[in-house]
Amino acid sequence: ALLTALAGSAAAFAPAPVSKASTSLNLNPEAALGENWDPMGFSKMHEIKGAFPNMFPHPQFLEEAEIKHGRMAMLAWTGVWAVSSGLHFPGAPEADDWTNALGVWAREDPGGFGIILAFIMIAEGEGVSHAGDNFRGLSKKVPGDMGFNWMGHGEATVDRYKAVEKRNGRAAMIAMASLFAFKSIPGSVPLMDLFGAN
């Protein structure tokens with residue numbers, strides 16, 4: 001028994017077999033830039049066995065959320081760019097900085113602010129009501145499709161625009177996160193310092 005214990009403890013310090021290290025990422029660039037990019041595996045979380053029922057969202061919900069947040073980030077980036085470039089609606093309140101512009105607008109023009117807020121609530125309500133139960137993957141709606149194709153594009157063009165919209169939305173989300181970090185934590189985005197942003 002003593003010899004077995006000694007042999008077992010000696011085996012713990014034996015060198016492990018060395019395998020050749022892989023230097024390639026084995027990453028498909030089309031998947032990384034297109035529809036199926038999911039490096040963290042969030043789209044598989046709803047398949048976890050033993051979790052509470054409906055604890056994790058279905059990929060339908062995740063795709064709808066990604067598209068919606070991408071659209072909001074693209075609009076936000078455009079707004080920040082426009083205001084920073086000196087473009088303003090005539091008669092609209094002006095703020096010193098885009099980070100406090102929403103509060104200034106709500107305080108100085110509550111009627112206009114309320115109208116825009118009501119429009120956003122109606123658009124959001126319509127989008128959610130038509131989505132169905134996409135959290136559990138039971139929706140019949142295609143994520144991101146608001147139900148109109150006013151330019152009459154064909155299916156191939158629509159698919160290409162969807163992929164482009166996702167990529168641009170991802171870039172805009174990163175851009176807005178960078179802008180917020182830059183404004184709230186000085187020096188957190190060194191590239192902005194190099195360009196002389198304020």
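The values are calculated or read from the model by the stated rules, or taken from the named source; none is laboratory data. Predicted model only: the values in this text are computed from it and were never measured. So basically every Cβ, Gly included, is an ideal-geometry build from the backbone, and we count neighbours across all protein chains shown. These accessible areas exclude ligands, DNA and RNA; they are computed on the full protein's heavy atoms, side chains included. Shrake-Rupley method; radii C 1.70, N 1.55, O 1.52, S 1.80 Å.
Values for this structure:
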quantity	calculated
Given (1) in contact (Cβ under 8 Å) with a residue 12 or more places away in the chain; (2) surrounded by 14 or more Cβ atoms within 10 Å (Cβ to Cβ), number of the condition A197 does not satisfy	(2)
Residue pairs meeting the criteria (Cβ under 8 Å; at least 6 apart or on separate chains; first under 19 Å from Q60 (Cα atoms) and part of a loop (DSSP other than H, G, I, E, B), in the stretch 26-50; second at pLDDT 65 or above and open to solvent by less than 90 Å² (accessible area, probe 1.4 Å))	G34/A163; G34/K166; E35/K162; E35/A163; E35/K166; I48/F56
Residue match in the stretch 128-143 (condition: over 21 Å from K166 (Cβ atoms), over 23 Å from the mean Cα position of the chain (by Cα) and either open to solvent by less than 80 Å² (accessible area, probe 1.4 Å) or in contact (Cβ under 8 Å) with a residue 40 or more places away in the chain (or both))	no
